[in-house]
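Colleague: Supplied in structure tokens, the structure appears directly below.
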Amino acid sequence: MSVTLPSTGRWDAFREDFAKAPAFLRRDLISLFSYRIAYLTDWINIVVQVFLFYFVSMLVPPDRLPTYGGEQVSYLEYVAVALTLTSFVQAGLGRLIAAIRNEQLMGTLESLMVAPMSPEMLQFGSMVYDLIYVPLRTAIFLILVSVLFGVQFNVAGLVPTSVIFVFFMPFMWGLGILSAAAVLTFKRGAGVVGIVGTVLTFTSGAYFPISYLPPWLQWVAEWNPITVAVEASRQALLATITWAEVGEAVALIVPFSIASLAAGVAAFRLAMRRERRRGTMSLY
Amino acid sequence: MAVDHRDDVGVGVGRRSEPFPVVEVTDVARRFGEAEALRSVSLSVNAGEIHALLGPNGAGKTTLMRILTGLLERHGGEVKVFGTSMDDVPLRDYRRAFGFIPSGDRSFYLRLSGIENLLFFGRLSGMDKVRARARAAACLEDVGLGDVGKKMVGLYSHGMQKRLAVARALLMDPSLLYIDEATHDLDPSGAHRVRQLVRARAQQGAAVLWATQRLDEIRGFADRVTLLHQGLVRFVGTVDELMAMVTIDRYALDLDGGPRSAADVTELARSAIGEMGSIAPKAGSEGRHYELALGAGASIGRVVWALEQAGVQVRSCREERSGIESAFLHLTEATE
């Protein structure tokens with residue numbers, strides 16, 4: 001019998017890796033469910049956030065806000081849509097960093113690294129739980145706002161919004177992977193990417209119209225993929241949006257998503273290679 | 001004891017019955033800055049063999065293990081596994097070939113149960129859910145954790161976590177095991193159990209590279225030894241060959257001088273031994289326990305005979321340091 005190392009083709013490797021995603025999901029579900037109180041505090045935070053913006057909306061006259069479909073909207077309606085998107089931003093930016101950092105601190109990172117899988121699977125696996133939980137959380141958030149304060153969202157806008165989110169997520173995911181690469185390399189170096197995330201959110205028009213920004217920042221905001229996604233989602237959920245308009249938004253977002261994801265994956269691979277070279281993978 | 005699950009799982013790499021080198025390490029080198037952690041290290045491990053990688057702290061054992069598992073790049077030399085250079089296959093494929101027990105005591109998810117941890121790592125290794133669950137349960141039984149498999153790992157003792165690490169390494173039924181300091185802080189029965197499990201795998205044909213700094217555990221366990229010190233291979237051979245590197249010249253004696261005082265027994269023993277060596281009571285032993293240093297050309301038999309002739313009964317006699325410890329110190333202290 002000949003004795004050889006097993007060999008996997010590129011496609012088989014991808015397929016085999018993808019089949020590991022449920023294992024990550026199960027791990028995270030069991031682990032997070034063991035911290036039940038964390039779920040409770042998360043939901044308390046959501047409710048508090050809803051009430052906070054409800055009271056803030058009393059201070060903001062609707063005529064200070066843009067109109068959607070020719071109708072004036074309340075500040076709560078205006079900000080609620082953006083909050084659904086920023087929760088994806090936070091998850092995209094924060095989850096992978098937290099996962100890598102946790103693995104380092106728990107000492108499990110090297111155990112994962114000796115498993116036969118690609119670095120991309122480690123990234124994807126760490127995100128699977130959020131890919132399911134965040135949309136669910138977002139839907140419940142919108143239902144809560146709608147039920148408690150009678151805010152009417154255009155249900156027909158959910159599908160176009162989801163399409164926009166699908167193309168937008170890789171942008172945030174890429175930034176998240178970049179941050180994770182920074183954590184691997186500088187151990188506590190995620191702050192730089194965090195600042196980028198803050199600037200992007202600040203200029204996104206999520207909390208106030210970008211028309212209030214200085215002209216030069218308005219120019220930045222117009223090219224900010226978060227702004228594009230937020231505005232298209234508002235259009236879809238607070239008024240109506242045509243598929244042509246969805247296509248325009250997606251066309252603006254996609255180049256950023258590709259660039260961000262490619263940069264993230266490349267940076268993570270470089271970071272891993274560097275750690276293998278230096279032997280500092282498990283240091284934190 | 002370990003059970004062979006190869007037939008029902010079939011995830012191990014190909015096997016053949018006759019001994020052959022599973023791992024061949026040739027002139028491997030690694031630096032950390034200016035410090036040379038490994039200098040031209042070579043060794044090989046055959047199928048069915050337990051090869052001890054022995055060395056004091058900082059010898060380079062863990063560095064070599066990390067290179068062999070692909071966690072660390074080497075700066076020179078070659079590593080072949082099953083005759084194939086590890087550079088010629090993608091790391092993910094290379095990592096299918098071995099099971100690994102890391103030296104650290106934290107390598108599991110503490111909020112997950114033992115079986116869930118094994119299930120997770122089994123899935124990552126490429127098993128489907130049904131197989132992974134079957135293997136996880138079987139491996140837990142093998143390491144004696146079957147009855148606590150559903151307990152959170154955070155509630156496991158250190159020894160139990162170590163056994164769980166053994167179970168994880170065996171999940172894929174590998175033909176090669178890299179084991180880094182698996183027993184260094186286990187109690188004797190825990191360490192014995194781990195060694196039994198590993199021995200069973202070797203008897204089934206697995207090649208085992210076992211890094212340790214514990215001299216006591218390699219006698220009667222390891223088939224061959226590579227002694228590593230300051231990044232250099234100081235010795236390669238069997239345990240018996242290692243022990244033959246030095247002549248034992250220090251013994252602990254338990255003497256009974258009858259009604260004589262401790263001082264008298266000491267004086268009597270010294271005069272009986274004469275030029276054959278020097279003997280001194282151990283502190284606080286009240287004239288019973290002595291340390292003997294044999295002189296050149298003297299034999300322990302003649303010393304015992306002389307003491308008995310002088311009326312001092314030798315109740316016991318043992319090597320002050322084990323032969324293997326003497327050899328270890330001889331080979332490592334020579335370079336200090």
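To keep it simple, each residue is scored yes or no on (1) within 15 Å of the chain's Cα centre (by Cα); (2) part of a loop (DSSP other than H, G, I, E, B).
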residue	(1), (2)
A:THR185	no, no
A:GLY194	yes, no
A:GLY197	yes, no
A:PHE208	no, yes
A:VAL220	no, no
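Colleague: On to the next question. Could you grab me the full set of residues in the stretch A:253-273 that are surrounded by fewer than 18 Cβ atoms within 10 Å (Cβ to Cβ) and farther than 18 Å from A:SER111 by Cα?
Modeller: A:VAL254, A:PRO255, A:ILE258, A:ALA259, A:ALA262, A:ALA263, A:ALA266, A:LEU270
Colleague: So, in the stretch B:80-91, of the ones that are touching a Gly at 6+ places or on another chain (Cβ under 9 Å) and more than 7 Å from every other protein chain (Cβ to nearest Cβ), which residue ends up nearest to B:ALA206 (Cα to Cα)?
Modeller: Looking at the filtered set, the residue picked out is B:MET86.
Colleague: I'd like to verify a number: residues in the stretch A:40-77 that are among the small types (Gly, Ala, Ser) and surrounded by 15 or more Cβ atoms within 10 Å (Cβ to Cβ), how many?
Modeller: Final tally of qualifying residues: 2.
Colleague: Take the stretch B:219-243 and flag every residue that is part of a loop (DSSP other than H, G, I, E, B) and in contact (Cβ under 8 Å) with a residue 60 or more places away in the chain.
Modeller: B:ARG219, B:PHE221, B:ALA222, B:ASP223, B:GLN230, B:GLY231
Colleague: A further question on this structure: Identify the residue in the stretch B:31-62 that is within 14 Å of another protein chain (Cβ to nearest Cβ), under 16 Å from B:ALA211 (Cβ atoms) and more than 16 Å from the chain's Cα centre (by Cα) and, among all such residues, is surrounded by the most Cβ atoms within 10 Å (Cβ to Cβ).
Modeller: Result: B:LEU38.
Colleague: Can you pull out the helices (runs of 4 or more DSSP H) entirely within the stretch A:1-98 that have at least 3 residues that are among the aliphatic types (A, V, I, L, M), within 27 Å of A:PHE165 (Cα to Cα) and more than 14 Å from chain B (Cβ to nearest Cβ)?
Modeller: Result: A:36-59.
Colleague: Considering only residues that are out of contact with any Leu (no Cβ under 6 Å at 6 or more places or on another chain) and either more than 8 Å from every other protein chain (Cβ to nearest Cβ) or without any contact (Cβ under 8 Å) to a residue 12 or more places away in the chain (or both), which ones fall in the stretch B:94-103?
Modeller: Of everything in the stretch B:94-103, those that are out of contact with any Leu (no Cβ under 6 Å at 6 or more places or on another chain) and either more than 8 Å from every other protein chain (Cβ to nearest Cβ) or without any contact (Cβ under 8 Å) to a residue 12 or more places away in the chain (or both) turn out to be B:ILE101, B:SER103.
Colleague: Consider A:ALA229 carefully, then state whether it is within 16 Å of A:LEU252 (Cβ to Cβ), under 13 Å from the mean Cα position of the chain (by Cα), part of a helix (DSSP H, G or I) and among the small types (Gly, Ala, Ser).
Modeller: yes
Colleague: Separate question: B:ARG270 fails exactly one of the following numbered conditions: (1) under 30 Å from B:THR63 (Cβ atoms); (2) surrounded by fewer than 17 Cβ atoms within 10 Å (Cβ to Cβ); (3) modelled with pLDDT of 90 or more; (4) not polar (S, T, N, Q). What is the number of that condition?
Modeller: (1)
Colleague: Identify all residues within the stretch B:104-120 that are charged (D, E, K, R), touching a residue at least 40 places away in the same chain (Cβ under 8 Å) and under 21 Å from B:VAL130 (Cβ atoms); write none if there are none.
Modeller: Once the filter is applied, which keeps residues that are charged (D, E, K, R), touching a residue at least 40 places away in the same chain (Cβ under 8 Å) and under 21 Å from B:VAL130 (Cβ atoms), the stretch B:104-120 yields nothing.
Colleague: Can you tell me which residue within the stretch B:124-178, out of those that are out of contact with any strand residue (DSSP E or B) (no Cβ under 7 Å at 6 or more places or on another chain) and among the polar types (S, T, N, Q), is farthest from A:PRO22 (Cα to Cα)?
Modeller: Restricting to residues being out of contact with any strand residue (DSSP E or B) (no Cβ under 7 Å at 6 or more places or on another chain) and among the polar types (S, T, N, Q), the top hit is B:SER157.
Colleague: Is the stretch B:148-164 home to any residue that is farther than 26 Å from B:ARG214 by Cβ and under 26 Å from the mean Cα position of the chain (by Cα)?
Modeller: So far as the stretch B:148-164 goes, no, none of its residues is farther than 26 Å from B:ARG214 by Cβ and under 26 Å from the mean Cα position of the chain (by Cα).
Colleague: Next up: If B:GLY126 satisfies every condition in (1) out of contact with any helix residue (DSSP H, G or I) (no Cβ under 6 Å at 6 or more places or on another chain); (2) facing another protein chain (nearest Cβ under 7 Å); (3) of a type outside the set (S, T, N, Q) but one, which is the exception?
Modeller: Answer for B:GLY126: the failing condition is (1).
Colleague: Would you pick out the residues in the stretch A:14-39 that are more than 21 Å from the chain's Cα centre (by Cα) and exposed (fewer than 13 other Cβ atoms within 10 Å of the Cβ)?
Modeller: A:ARG15, A:PHE33, A:TYR35, A:ARG36, A:ILE37
Colleague: How many residues does the stretch B:159-218 hold that are within 14 Å of another protein chain (Cβ to nearest Cβ), part of a helix (DSSP H, G or I) and of a type outside the set (Gly, Ala, Ser)?
Modeller: Going through the stretch B:159-218 one residue at a time, the tally reaches 5.
Colleague: A follow-up question, please. Please pick out the residue among A:ALA251, A:ALA236, A:ALA267, A:ALA229 that is without any contact (Cβ under 8 Å) to a residue 60 or more places away in the chain and of a type in the set (Gly, Ala, Ser).
Modeller: On inspection, the qualifying residue turns out to be A:ALA251.
Colleague: Report yes if A:ARG137 is within 23 Å of A:PRO22 (Cβ to Cβ), away from every other protein chain (no Cβ under 11 Å) and part of a helix (DSSP H, G or I), otherwise no.
Modeller: When the stated conditions are applied, A:ARG137 passes them.
Colleague: Is it true that B:ALA167 is more than 30 Å from A:ALA271 (Cα to Cα) and modelled with pLDDT of 95 or more?
Modeller: Judged against the criteria, B:ALA167 is not a match.
The values are calculated or read from the model by the stated rules, or taken from the named source; none is laboratory data. Small disclaimer: the values here were computed from a predicted structure and weren't measured. For neighbour counting, all protein chains shown are included, and Cβ atoms are generated from backbone atoms with ideal geometry for every residue, glycine included.
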